[in-house]
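The structure appears right after this line, and notes come after that.
Just so it is clear, none of the values below were taken in a lab; they were calculated from the coordinates. Being a predicted model, the structure only gives us computed values, none of them experimental. Neighbour counts run over all protein chains shown; Cβ positions are idealised from the backbone, glycine included.
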Amino acid sequence: AHCSYFISTVCNFMSHEKCLKNVKIPCSCVAPSLVRVPVAHCFGPPGHYKRKFCTVCRKSLESPAFRCEVCELHVHTDCILFACSDCRQCHQDGHLDHDTYHHHWREGNLSSSARCEFCKKTCGSSEVLSGMRCEWCGILAHAACYVIVTPECTFGRLRNMILPPNCVQLFSRNFSKLHCFRISENMQTESDEDDDVDGSTQGSTKDIQISTDSSKQTLKIFDGNDAVKRNQFRLISVPRIAKNEEVVEAALRAYYINDDQQEYELQTFTQQVLLSDDVINRNDAAEDSNLGSVFRESVPEAWIIRAKPKDEEVIRIYPAWLKVGMAYVSLRVNKDSTVQTVIKEVLPLLGRQTECLQNFKLVEVLMGSKQVQRMVLDNQELILNRLKDIRKTSIRQMNQTRFYIVENSKSIVQVNLFVGGLPPQLSPEEYTNILKEELAIKTNVVSVSHVYQAQGAVVLQISCFSEAERIYMLVKDTVVNDKPLNAVVIPAVM
């Protein structure tokens, strides 16, 4: 007998009706808000993975896809931008110093013979994305059983060989694990370019599939200025006679946005709003019939989805000093709210009302799948203007952005950067001169701490984040004696 089931129109999650009460897996549209500590993934070059499934859209990986070399997350090339920055944390950056670690669960892509640690029944499948695995200790469990497993992880059989995160320290700001691991960045660059190519190819394929249905039309949807600049769009299929609300809802679904569709509107590339707000909000059938459909065959095929401006809204502020767990406070801001007023209002809510405002800063964190970027906001910046700028750039990025209140740290910045590819058998002074000439290093914040003459390599000790980032990026494009230089960030092992 056939069983009734439900399927998510956003992430394609399927469940029997009788199993709905046991569903524990979050939808892709809300997953970013559940990330405890944002950690970027470390994707290798795109490859073919048989009987594997995308973590974002949950569909099979029939075309070249990416795989995280650290946590085994699999994702389509055109889904990678929507992947959560929930990779396994392999080091501390000065904010976390606890000794207890929880399981790092990754859903699906288990072998068919995998068995649940709790109920001992089969939990793997090669047909759908199912089952859970801890990426530290390797235990397996059903999606309904893993919440019952003791949360503390002991690192499993290899505990004596694993360096836990509290033993590895990396003073990182915008460096990702990719900068520490031996994964070819040339391949990474190629895969970035493949994103654009693959997106166009997939778009044309979908066009062919959709064009067979004469009652449907295909539209290109950009989510902001950045997508327009990069020509990265998502394709949606809507009826040839469709209301504006239907198209907006389909566009939000394509970008895994779970917000109220009344808060968004569609614009053409000339920035002209398609319909005014009062028309969009009308529900009278007679008026709708008089106005006609919003989208007909003659309309442009490409649109930008925009967030409507707001006079006030509620934002979440995360305290960065929490050692375990995820918590935030909600704060209502208006057009007069600045970063400084936000800090002033948040501190009492966190029990820090007696402390000086100057000891804290507000940090904007973009939780990208490939890189977690942090930016300290100016105290006088208007919060609503900042939110407007982010949404104008990309509504997807807004869904992946958090604000952390951070204590001003007095710790000394020290980044150790390994630079290889230099001529061998030179003196420390000669290496320093080459670096001054080729990389324009600032000797007041950069010094050569180790020299490996036989290998033609040095280790630079840098006391400034921006200088470390500048040197790292410059090294990749520098050639000395017809040989390209290479760089790796070295963590401190304690």
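Annotations for the structure displayed:
- For region 312-407, fraction of C-alpha pairs farther apart than 24 Å, in %: 16
- Dipole-positive endmost among Leu347, Met398, Ile412 within region 314-429 (Cβ charges, Cα centre): Met398
- Along principal axes, Cα extents of region 66-172, largest first, whole Å: 42, 35, 22
- Listed peptides 42-50, 330-338 by packing density, highest first (mean Cβ within 10 Å): 42-50, 330-338
- Here Val168 and Val479 are evaluated by their C-beta separation; at R0 = 25 Å the FRET efficiency comes out at 0.20.
- Amide H partners (placed H, <5 Å) of Ala457, local residues excluded: Tyr452
- Region 415-493: C-alpha gyration tensor shape, a/c 1.5 cut-off, then a/b vs b/c: rounded
- Unsatisfied cross-links (Cα-Cα over 30 Å) in the set Lys243/Lys388; Lys335/Lys361; Lys220/Lys476; Lys392/Lys442; Lys442/Lys476: Lys220/Lys476; Lys392/Lys442
- Total formal charge among the other residues, if their Cβ is under 13 angstrom from that of Phe53, Lys/Arg +1 and Asp/Glu -1: +3
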